[in-house]
Each structure stands twice: as structure tokens, then as C-alpha cells.
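Engineer: I have a structure here, written as C-alpha cells, and I will follow up with some questions on it.
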Amino acid sequence: MSPKTIDPDLLAAMRQVTSHYIKLREGTPAHLIKTQLGKKRHLLEEASRDGYLLWTGPRYFPCYPALELESSGTRESVQQWTTVVLRALKALYERDGDRMCDDRVTLEMCIQIDPAVAPEAVSVGMFFAKDFQLLVHLWNWKNLSDEHGSVNLATSDRLLDFHDLPTAWNKELKSRAKAAAPAAAARSDSPRAGSPPLVFETTGETYTSEGIEGEGGAGRVFRVVDSAEKRWALKCLRPEQATAVRTKRFLNELNFCSSCSHPNVVKVVDQGFIIHAGKKCPFYVMPLYPSTLRKLLSSGLPVEKAMRFFLEILDGVEAAHLIDVWHRDLKPENILHDPTVDRFLVSDFGIARFTAEEMYTIVETQPGKRLANFLYAAPEQRRAEAPVDQRTDIYALGLMLNELFTGQVPQGAGFKRIGQASHDFSYLDDLVDEMIQQDPEKRPTSIQTIKLRIIAGGQEFVRLQDLNKLKTAVIPETTIDDPILQNPIELVDIDYSGGMLKLKLNQAPNSGWVQAFCNMPGYSAIMGKEPSRYTFVEDEAKIEANINNARLIVGHFQNYLREANRLYVTTIAAARRQQIEHRNHELRESLKRAQEEEQTREYIRRTIKL
């Protein structure tokens, strides 16, 4: 790209309108700014006096079409600057993965791509690049007081689709038009451009559509922005699919994702309904995740990460299974990726099987109704009236386990095995074979069984999960479900009678905690008032006292409580670790014995001929 001279009026106006928009959140509608850009002698004056956009401005913005009325030279320059910025962001993603890029980092990469590019050109290019929302899913202002209006731009695997600016902008316009148009227009080959965007309202928030993230059989996922300009994903039932059965199923999904607090299950943060094409369509709002397991598999997944990712997926599915919810449509497209913490989340419980307790409303699946993606559907899902349960999910998980390591979905014979991709994980091939058995009776019956098999193969970092009886939430097995850990022992009241100081506690300590209290090492005490002298009856501790030493005894007692709580946590955590280590050792030994027995059996059958 040859160096270009930036039009000083254009650059100054962009700085001013950006500053006004940030500080005032008011100003001239975008279509008037477009006209002003065509009349450069008025641009600075108008931008300085009015600001840039109304509060509804983001609905009518982007910057890029505003240059349609500019001179061809300026338009070509901005196109070049935006192109080199998007190419730089793509290169930064390929090098570093998901990250936020400021102007310094972006400039360094831009110079590698085009040594002639100027810092001011990169600033302008970043300003325009943020409006390609299909490529740059997240951005923020670097500094609200920055007169240059510098922005930080996020990288993601979306940038891998970028090849040239005109193609990218056409995709952007189609996405926005599809999101804005009514249902019938959205399904047509040429959606109506220029339609106002959909607005979704809940009790406390307003969400404005910026485009469509994806579509399923009955729902459509929009990229939306709230009143604080934070982006979310919003799933809405399509009006032509808003039948009674599908609406009930959608509400079941909404209810489950609202109540489930597991870190590997998508969380619903808001909900409502919209009248669309004359139909009442429910929707819910969730965090916007820029990627899915499918996208990561398409771009190449490191083998060393495959096991950790699979275990996160197992945790999310198990969180549902432990409360008798079967997903029934597991596939890489329904596994979302949060790049900020490198974590996977299970989503799209739209056709899940719920128990009576989890169901928001009753809905029956008709016999013979196929509800899952064909490629990952278990054999029983393809047969009318065949029973479907948690083993259906286990079948799909087996396919994805093999795909995570090899990039291939097992179909028939001759597919690539995990041992061919990573010898260290070759023991998983037998597990995959069991998980994808045609007969559900021959598959593992639970996620815990699968985890135990992985543990036996040497992966001790697998987390087993139990149902937390206190909060009805799924927790890792290594998390100790103990009332004292949830709510440490505290002093809540004091009484005195008959020469005895009575210390009321917030709960009755168990024998393990009392032992930690009475036997604590290294303490300071009043003579004769050591920790071992206290007696505990239910939620009360007692010790002899008088008017002269009662205050001092209470002070020492509160110190003892803190130390006893600490000792108790340390003691039971060590006991739990020892218990898990012992169980894992027994599992490995059991597997070893089984393998030796099988080898002996095969040797005898092979060597002894009848």
C-alpha cells in the first residue's frame, strides 16, 4: 500500500465527533453526518457544534458507508487503512489467539504487513474496523479523554474469514438486514436493507439487534447491545415456529439455563417476549461467546488441549445428568467457547428431556419425532418409538472425544483412532468404542463411569462431581460439601449464670471441629482457660469465669474459633485428598489386574489349539 496523505478535515472531524459521542451521547443523526461528509467545508463546524449520534445512533451507524459521499481518493485511502488493520488483527489472532489489541500492538503488526503505513492511518483504520461486527465482535474505547478517540479491538477466529473489504462489508450488511427485517423478509433471498433493527425489551433493559449470530430449526440467535452498550447473545423463538409445543420446549430450556449455576453450562441473565409477525415469541439473553467447538476444530485444535476441553464438556453435561436432564442434541456447534478464561460451555438445551421438577411447562415428544442433528444422533434417535435417555448423550460424547483428538467423527470402520494422533492417549480408543456402541445397553451408563475410566488411564486431574445437598448445585467431588466450610463457626451471643460463661455459636460443631479446637497447637491463654478446658453441648460452649476475667476469656475464645476453623479446613481437605488418591490407586490397580487377566486369557486361547 502506497503511503497516503490523510485529509486533515476528515481526521479532525472524526476526532471531534468521537469525542462528542463519548462525552455527550447525543448529537446529529448518522444520515445527516453522511451528508455533511459530502460537504467538507461544513463538517468541522457541524461536528463541533452538534456531536455525532443520538442515543439511537448505533442502530443507524456505521462509519464505513458514510464515506460513500466522500471523494473517491479519500474513500480508497480509508478502505486501504481499514484493510491493513483487519489483516493485522487476523495475523495477531493467528499468532496470539484471542486478545484485545490497542493501537500500539495493532500498529506494530500493520508495519510488518505494510512498512509504509502511518500511525494516523492505523488509528483511522481501527476506528472503521470496529464496525465490521462479524469480524470484530468486541471493542472498547482506550481512553474516554483521548482526543484521538483510540479504540481497543478484540481478535477471534472470526477474523479467519476475512479476505477483502468489499466482501466483508457485503456480509455485514446482509447480517444486519437479516436481523432487522421481519421473519418473512429474513427468509427471502434478498432481505430488505435499511429496515430498523429489532428491539427486545424486558422489565429492566432494552436490547437492540446488531445482527444474527446463528440459526437453528426453531430459534434464531441475535447479537444485541444493551443500554450500557454491552453486547450479548439473544436467542428468540422464530415466529413461524412459535407453536404451543415448541414454545413450551423453549421455556423449559430457558428455565433450566436460568437455574443451573455450573461454570460449564450457559447461564441465562434476562428474558422476555416480543410480538413478531403477529406472534408472541419468547426470548432469553446470555453472554456473547465469539466461538464454538466447531470453529476451533475447523481451525485446528492442539492435541495437548483436547483432554482438558473434553473434561470441561463432560462436567457441563454431567451437571444436567445429575438432575435428570438429558441434552439429546450434543454436537460441536452447541459447545460454546469463552476465550477470556479458555473454557467450554454446553448450550442449546432446546430439545432436552427434563424431569417434572425441572420442567417449566409440560411438553411431550411425539413417538417417532427425531430431534437431533443426524451426524451426532445415536442409533435409537433414528428409530421410531425407541427409548432415549442419558446414554444418547454418551454416544454423542464418544463421537466428539474421537473428533477432538483426530478431527474425524467415527462413522463405520476405518476411521482415524486417537492412538494414531497421540500415543499417550491411546487408552481412550477402547473407551470411545464403548461409548459409540450401537446398543445403548453396552454403553457406559453415566458420566462418572467415563471419568473413572479416564482416571484409571492415568488422568488423575479429572474432577468427579456430586450433587450439593445444601444448594442443589453441581460441584466438583474435590470440593468438600460441609456446612462448617460453607458457614464457619462464629460467636453470636454471650450469657452468664452459675459461674459459667455460656458462648452461643451460629451452629453446632461436629466432633472433628471440636477435636481441632481442643487440640490446637501454639496458643496464648489465661491460666486454666486453655482450649481443652471448654465443653461443647450442641451449639453452645461453656467455661468457668468471673467478672474479672470474662471479657478477656471472650477475646481469647474468638481467636480460638478462627484457628479451629483453619485447622478443620486443613484436616478434612487432607483427608479428602488421601481418600481420592487411595481410590485412584485402587482403580489403576483394578485396571492393571483386568488387563493382565485379559492378556493371559488371550495368550491361552492363542497358544492352546484343540
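Engineer: According to a simple spin-label model (label point 7 Å from Cα along Cα-to-Cβ), what is the distance in nm between residue 601 and residue 578?
Structural biologist: Calculated label separation equals 3.7 nm.
Engineer: Something else now. Report the FRET efficiency, 1/(1 + (r/R0)^6), for residue 511 and residue 590, where r is their Cβ-Cβ distance and R0 is 35 Å, rounded to 0.05.
Structural biologist: Numbers: r = 33 Å, r/R0 = 0.94.
Efficiency for this residue pair is about 0.60.
Engineer: For a footprinting-style exposure proxy, rank 520, 126, 307, 500 by other Cβ within 10 Å, fewest first. If you can, show how the numbers build up before the last one.
Structural biologist: Values: 520 16, 126 29, 307 20, 500 13.
Ascending Cβ contact count within 10 Å gives the list 500, 520, 307, 126.
Engineer: Go ahead and run the numbers for FRET between residue 244 and residue 562, Cβ-Cβ distance against an R0 of 60 Å, rounding to 0.05. Show your work: numbers first, answer last.
Structural biologist: Numbers: r = 58 Å, r/R0 = 0.96.
About 0.55, to the nearest 0.05.
Engineer: Order by neighbour count: 605, 383, fewest other Cβ atoms within 10 Å first, most last. List each step's numbers first, then the result.
Structural biologist: Numbers: 605 9, 383 12.
Ordered from fewest to most neighbouring Cβ atoms within 10 Å, 605, 383 come out as 605, 383.
Engineer: Over the stretch 544-610, what number does the Rg to Rh ratio reach, with both radii from the alpha-carbon atoms and Rh per Kirkwood?
Structural biologist: Working: Rg = 28.5 Å, Rh = 17.3 Å.
Here Rg/Rh amounts to 1.65.
Engineer: How would you order 523-534, 275-286, 329-340 from highest to lowest mean count of nearby Cβ atoms within 10 Å? Present the calculation step by step, with values, prior to reporting the outcome.
Structural biologist: Values: 523-534: 13.2, 275-286: 18.2, 329-340: 21.5.
Highest-to-lowest ranking by the protection proxy: 329-340, 275-286, 523-534.
Engineer: Okay, moving on. Specify the inter-centroid distance of the stretch 573-610 and the stretch 400-450, based on alpha-carbon positions, in whole Å.
Structural biologist: One Cα centre to the other: 20 Å.
Engineer: In nm, to one decimal, how far is the modelled label at residue 497 from the one at residue 303, with both set 7 Å along Cα→Cβ?
Structural biologist: The two pseudo-label positions are separated by 7.4 nm.
Engineer: Related question: Provide the packing ranking of 394-401, 509-516, i.e. peptides ordered by the mean count of other C-beta atoms within 10 Å per residue, highest first.
Structural biologist: Values: 394-401: 24.1, 509-516: 17.4.
Packing proxy ranking, top to bottom: 394-401, 509-516.
Engineer: Which residues' amide hydrogens lie under 5 Å from the amide hydrogen of residue 212, considering only partners 5 or more residues apart or on another chain, with H built in the peptide plane?
Structural biologist: 179, 223
Engineer: Tally Lys/Arg at +1 and Asp/Glu at -1 over every other residue whose Cβ is under 12 Å from the Cβ of residue 345; what's the total? Before the final figure, lay out the partial values.
Structural biologist: Details: positive: 267, 343; negative: 312, 315, 338, 342, 348.
Summing Lys and Arg as +1 and Asp and Glu as -1 gives -3.
Engineer: At residue 94 and residue 422, where each label point lies 7 Å from the Cα along Cα→Cβ, what is the point-to-point distance in nanometres?
Structural biologist: 2.5
Engineer: Moving to a separate point now. Once the Cβ-Cβ distance between residue 438 and residue 341 is put in as r, and R0 is 45 Å, what FRET efficiency do you end up with, to the nearest 0.05? Intermediate results must be reported in sequence, preceding the final value.
Structural biologist: On the way: r = 37 Å, r/R0 = 0.83.
The formula returns an efficiency of 0.75 here.
Engineer: Please arrange 423, 137 by counting, for each residue, the other beta carbons lying within 10 Å of its beta carbon, fewest first. Don't skip to the end; give the middle numbers.
Structural biologist: Details: 423 9, 137 23.
Lowest count first: 423, 137.
None of the figures in this text is laboratory data; all of them are computed from the coordinates on show. Here the structure is a predicted model, which is why all the values come from computation and not from measurement. Every residue, glycine as well, gets a Cβ built from its backbone with ideal geometry; the counts of neighbours run over all protein chains shown.
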